[in-house]
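Notes follow the structure.
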Amino acid sequence: MANTFIKLGGVELTSTQSSLDFTSIPQTYTDLILVCSLRTTNAGDFGFPILRFNGLGTVNMSHRGLMYESGTVSGGTNNEGLVVRRCPGGNAPADYFGSATIWISNYASSTTNKFFTGVFGSPRNQQTGSAVGMNACAWSDTAAITQVSIFDNQGYSFAQYSSAYLYGVSNA
């Protein structure tokens, strides 16, 4: 069977905002896909977006990732749900946004933990490199996901024109 992707909603910022939120997510699909274009208000090179489910912070989240940035490959783990890992900050030219695609498997189940993977790319500036990477994360909670929010883990806001779109995936 072919997968069908149904757009469930989109957030396009017309001003800075602390989070991008999707609430009341229907429980009728097998998986979710979140597609983002993000820029943070952090004055540095990068912001660090994280996911939160059902309004719960990063409780019970774990992450393992691999990233290539400015000629260096790095990997690591943490408990913050850093599936996106990077988006441009204030040092980047004003038209630079990072992109990410996140696949959240089996989100509607109330009997299994949730696993999600992501790929991202983020330009830094015109003189130095960019960051690209992939991540695998787990949310050790059996609650069905009814809300997804994107925050910056350092408390910065997302810049005007940042956007995110949520799709439901059906195998029917």
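The values are calculated or read from the model by the stated rules, or taken from the named source; none is laboratory data. Since we're looking at a predicted model, the values are computed, not measured. Heads up, the Cβs are rebuilt from the backbone with ideal geometry, glycines too, and the neighbour counts pull from every protein chain shown. Surface areas here come from the heavy atoms of the whole protein model, side chains and all, with no ligands, DNA or RNA. Shrake-Rupley method; radii C 1.70, N 1.55, O 1.52, S 1.80 Å.
From the list Y156, Y167, the lone residue that is within 14 Å of the chain's Cα centre (by Cα), farther than 14 Å from S99 by Cα, in contact (Cβ under 8 Å) with a residue 40 or more places away in the chain and open to solvent by 50 Å² or more (accessible area, probe 1.4 Å) is Y167. Tell me, please, whether a residue that is buried (at least 18 other Cβ atoms within 10 Å of the Cβ) and at pLDDT 90 or above can be found in segment 66-86. Checked against the condition, which is being buried (at least 18 other Cβ atoms within 10 Å of the Cβ) and at pLDDT 90 or above, segment 66-86 yields no hits at all. Number of residues in segment 100-141 that are small (G, A, S), within 30 Å of P26 (Cα to Cα) and modelled with pLDDT under 90 equals 6. Within segment 6-21, if we keep just the residues that are of a type outside the set (A, V, I, L, M) and open to solvent by less than 70 Å² (accessible area, probe 1.4 Å), the residue that is farthest from S162 (Cα to Cα) turns out to be G9.
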